[in-house]
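**Q** Could you have a look at this structure, given as structure tokens, before my questions?
The values are calculated or read from the model by the stated rules, or taken from the named source; none is laboratory data. Everything numeric here is computed off the predicted structure, so don't read it as measured data. Virtual Cβ from ideal backbone geometry, glycine too; neighbours counted across all protein chains shown. What goes into the accessible areas is simple: the full protein's heavy atoms, side chains included, and nothing from ligands, DNA or RNA. Shrake-Rupley method; radii C 1.70, N 1.55, O 1.52, S 1.80 Å.
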Amino acid sequence: MIEPIISVKDLVAKYGEQTVLDNVSLDIYPEEITVILGGSGCGKTTLIKNILRLFEPVSGSVKILNKEVTRMDELEFNSILSKIGMLFQNGALLNSLTIFDNVSIPLVQHTKLTPTIIAKMIRVKLKLVNLAKVENLLPSELSGGMKKRAALARAIALDPDILICDEPSAGLDPLTSASLDELILKLKNLLKMTIVIVTHELASIHRIADRIIFLDEGKVLFSGTLQQAKKSVIPEVETFFRVGKFG
Amino acid sequence: MKYENHILFLEEELTKFTVPDLLHELSQYKGKKISTIDLSEVSSIDSAGVAFLDELVLNLHKFKPQLANMNEIVESAVSTFTSLSLKKPVPSRKDNFFILIGEGLLRWRDSTRDAIYLIADIFYWSFVGLFNRKGQRQGSIIQQSLIIGVDAVGIIALLSFILGLILALQSAAQLRQFGANIFVADLMAISMVTEMGPILTAIILAGRSGSSIASEIATMKVTEEIDALRMMAINPIRYIVVPKFLAITICIPLLVTMSTLVGILGGLIVAVTYLDLSAVVFFNRVFEILTMRDALIGLGKSFFFAWVIVIIGSYYGFNVKGGAEGVGKVTTQAVVASIFWVIILDALNSLIFYFKT
């Protein structure tokens with residue numbers, strides 16, 4: 001039995017009185033691409049933010065790399081965070097820094113590598129996301145899709161064990177989106193990365209997903225492989241995959 | 001790491017954790033001929049490891065070293081992460097002195113032109129706005145008057161009172177030596193009415209309202225709210241700036257008057273407690289020395305100060321570049337520029353009205 005790399009048990013999250021996640025339990029396995037699905041407002045982003053302690057869960061347990069993180073002290077949690085890359089919904093690049101400097105932040109802060117090696121790594125990462133020519137520009141000078149790709153370059157700067165992407169292909173053209181999927185697959189195979197993706201894009205899900213977790217109204221409705229999901233008889237899951245097939 | 005027969009053997013991990021030590025270790029083979037880098041023993045590699053290999057190949061370029069015995073994973077990582085195929089970034093050309101001066105002048109010309117357009121727009125729409133409220137939110141002038149005027153009453157009153165107290169205290173000690181106690185009233189009246197009242201109020205308004213106008217408009221610009229207004233066929237200057245402009249025009253004479261009175265009150269307290277003057281004597285002297293001309297000049301210039309604050313705040317707000325960082329930058333620039341121009345205007349006013357040859 002493979003040990004899950006992220007394990008969530010009975011997680012409850014609330015915004016004020018409103019319960020957003022209701023006893024959510026799920027496992028994410030290493031070296032797999034897990035896609036978290038669900039309608040808008042079903043708690044996908046909240047789930048990710050609770051796992052990463054950006055929000056404080058009301059109750060429940062979250063284990064990352066076999067360590068309970070909900071009650072972990074800041075220092076220990078930082079060492080876990082340095083093994084995780086996160087791509088935010090709208091990039092979340094630091095506006096005052098150039099793209100090159102944005103990607104350099106984790107490398108400079110968390111490694112003892114020399115500046116020449118760091119510069120090489122940054123240029124390669126930017127090349128991987130097709131942004132070789134913009135390293136000296138500020139985020140405000142890039143288009144939405146470019147920002148997202150730059151943010152992905154920052155997320156993979158440290159070759160993290162776990163990469164979490166919040167809607168990576170939203171706002172991207174189909175070609176870029178497909179090449180992003182290819183890149184994600186490559187990263188998974190090369191660096192044995194565990195990848196968690198929140199997305200609605202069915203094409204993307206078909207291309208890359210190993211495992212599907214389907215959230216609905218703060219509950220896990222389905223959890224299993226892509227093949228199982230396609231054959232699922234749960235109405236919401238079935239509808240999702242049927243509607244996505246262009247009628 | 002081993003070295004035999006011009007072959008460098010790298011072992012086990014080539015990752016971000018091992019590369020710093022490997023670089024250190026490599027220094028002992030400096031100057032040695034390395035024609036092959038053997039990677040058969042490498043079990044894991046990441047992008048830092050590949051960058052290390054690239055660096056190695058570049059440094060040993062005279063020996064043309066080959067990477068040998070790569071397993072599938074290493075080969076795939078090298079082909080994905082190698083930076084050798086990337087074009088070298090071209091360093092940006094440095095402009096010479098004359099180009100810099102020329103660009104500076106062109107920028108100055110453009111910004112002056114933009115500022116003149118903005119000033120014309122603001123005055124035009126404010127004048128129109130007096131008679132026609134179309135294109136403004138209902139109640140926005142009153143709302144802005146509350147924010148710009150009423151909310152500032154406390155701080156302006158407090159600071160004016162303290163300033164009046166300080167002025168009177170500083171001069172009282174000197175005046176007393178010459179038995180010229182009564183002149184503290186002259187000093188307070190003239191300094192507060194012609195100078196301290198208007199300038200203190202203007203500087204506080206520049207800090208409070210100038211910064212808020214600049215940051216509000218800049219944020220709206222960054223988040224495309226200004227574009228949204230334009231798309232709804234609403235003139236952003238009319239909708240956002242005009243209410244502020246009219247509100248500050250209404251508020252500033254009231255604030256300056258209050259500031260002047262409270263400042264003189266501060267002086268009165270020193271006069272009564274320290275200089276043994278009675279309040280009646282003090283006020284008689286104040287009204288004797290003050291002329292209508294002084295009061296009108298003091299109030300008149302305060303209008304210009306107020307307009308400068310709104311115009312500069314909007315100018316910087318509309319010219320924001322970038323995101324959150326840009327908003328902070330223009331806010332600072334707006335406050336500094338408005339205080340600067342308030343003082344320059346004040347100097348001009350003194351030259352025009354008080355400088356007699």
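**Q** Counting only residues that are facing another protein chain (nearest Cβ under 7 Å) and surrounded by fewer than 16 Cβ atoms within 10 Å (Cβ to Cβ), which one in the range A:111-146 is nearest to the chain's Cα centre (by Cα)?
**A** A:ALA132
**Q** Continuing with this model, one more query. Would you check which residues across the range A:10-42 are in a loop (DSSP other than H, G, I, E, B) and surrounded by fewer than 23 Cβ atoms within 10 Å (Cβ to Cβ) and list them?
**A** A:GLY16, A:GLU17, A:TYR29, A:PRO30, A:GLU31, A:GLU32, A:GLY39, A:SER40, A:GLY41, A:CYS42
**Q** Name, by its number, the condition in (1) in contact with a helix residue (DSSP H, G or I) (Cβ under 7 Å, 6 or more places away or on another chain); (2) at pLDDT below 90 that does not hold for A:PRO174.
**A** For A:PRO174, the failing item is (1).
Let's see how each residue does on (1) open to solvent by 90 Å² or more (accessible area, probe 1.4 Å); (2) β-branched (Val, Ile, Thr):
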site: B:ILE73; (1), (2): no, yes
site: B:ALA77; (1), (2): no, no
site: B:SER85; (1), (2): no, no
site: B:PHE97; (1), (2): yes, no
site: B:PHE123; (1), (2): no, no
site: B:ILE142; (1), (2): yes, yes
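**Q** Among A:ASP173, A:ASP181, A:ASP159, which is among the acidic types (Asp, Glu) and within 23 Å of A:LEU65 (Cβ to Cβ)?
**A** A:ASP159
**Q** For the range B:81-114, name all the residues that are free of Cβ contacts under 8 Å to residues at least 12 places away in the same chain, under 30 Å from A:VAL129 (Cβ atoms) and among the hydroxyl-bearing types (Ser, Thr, Tyr).
**A** Result: B:SER85, B:SER92.
**Q** Let me ask something additional. For B:LYS321, only one of the following conditions fails: (1) over 22 Å from B:TYR117 (Cβ atoms); (2) open to solvent by 20 Å² or more (accessible area, probe 1.4 Å); (3) within 14 Å of another protein chain (Cβ to nearest Cβ). What is its number?
**A** Unmet for B:LYS321, out of (1) over 22 Å from B:TYR117 (Cβ atoms); (2) open to solvent by 20 Å² or more (accessible area, probe 1.4 Å); (3) within 14 Å of another protein chain (Cβ to nearest Cβ): (1).
**Q** Continuing with this model, one more query. So, in the range A:92-109, exactly how many residues are surrounded by 20 or more Cβ atoms within 10 Å (Cβ to Cβ) and closer than 23 Å to A:LEU172 by Cα?
**A** Matching residues across the range A:92-109 total 4.
**Q** For the condition in a helix (DSSP H, G or I), over 33 Å from the mean Cα position of the chain (by Cα) and not small (Gly, Ala, Ser), what is the one hit in B:LEU275, B:LEU265, B:LEU255, B:LEU351?
**A** B:LEU265
**Q** Considering only residues that are β-branched (Val, Ile, Thr) and over 17 Å from B:ALA324 (Cα atoms), look in the range A:86-110 and name the one that is farthest from the other protein chains (Cβ to nearest Cβ).
**A** Looking at the filtered set, the residue picked out is A:ILE105.
**Q** A further question follows. Any chance you could count how many residues in the range B:23-44 are facing chain A (nearest Cβ under 9 Å) and either within 22 Å of A:ARG123 (Cβ to Cβ) or at pLDDT below 85 (or both)?
**A** Total satisfying the criteria: 1.
**Q** Need the failing condition index for B:LYS2 against (1) touching a strand residue (DSSP E or B) at 6+ places or on another chain (Cβ under 8 Å); (2) of a type outside the set (A, V, I, L, M, F, W, C); (3) on the phi < 0 side of the Ramachandran plot; (4) in contact (Cβ under 8 Å) with a residue 12 or more places away in the chain, just the number.
**A** (4)
**Q** Output the residue which, of all residues in the range B:307-357 that are among the charged types (D, E, K, R) and closer than 20 Å to B:GLU224 by Cβ, is modelled with the lowest pLDDT.
**A** Among residues in the range B:307-357 that are among the charged types (D, E, K, R) and closer than 20 Å to B:GLU224 by Cβ, the one modelled with the lowest pLDDT is B:GLU325.
**Q** A follow-up question, please. Going by the structure shown, is A:PRO174 in contact with a Gly (Cβ under 9 Å, 6 or more places away or on another chain) and open to solvent by 20 Å² or more (accessible area, probe 1.4 Å)?
**A** No.
**Q** Another question about this same structure. Any idea which of (1) closer than 30 Å to A:GLY91 by Cα; (2) open to solvent by 20 Å² or more (accessible area, probe 1.4 Å) is the one B:GLY326 doesn't satisfy?
**A** All conditions pass for B:GLY326, except number (2).
**Q** Within the range B:1-22, which residues are open to solvent by less than 10 Å² (accessible area, probe 1.4 Å) and within 14 Å of another protein chain (Cβ to nearest Cβ)?
**A** Of everything in the range B:1-22, those that are open to solvent by less than 10 Å² (accessible area, probe 1.4 Å) and within 14 Å of another protein chain (Cβ to nearest Cβ) turn out to be B:LEU14, B:VAL19.
**Q** Has the range B:304-314 got any residue that is surrounded by fewer than 17 Cβ atoms within 10 Å (Cβ to Cβ), more than 14 Å from chain A (Cβ to nearest Cβ) and of a type outside the set (Gly, Ala, Ser)?
**A** no
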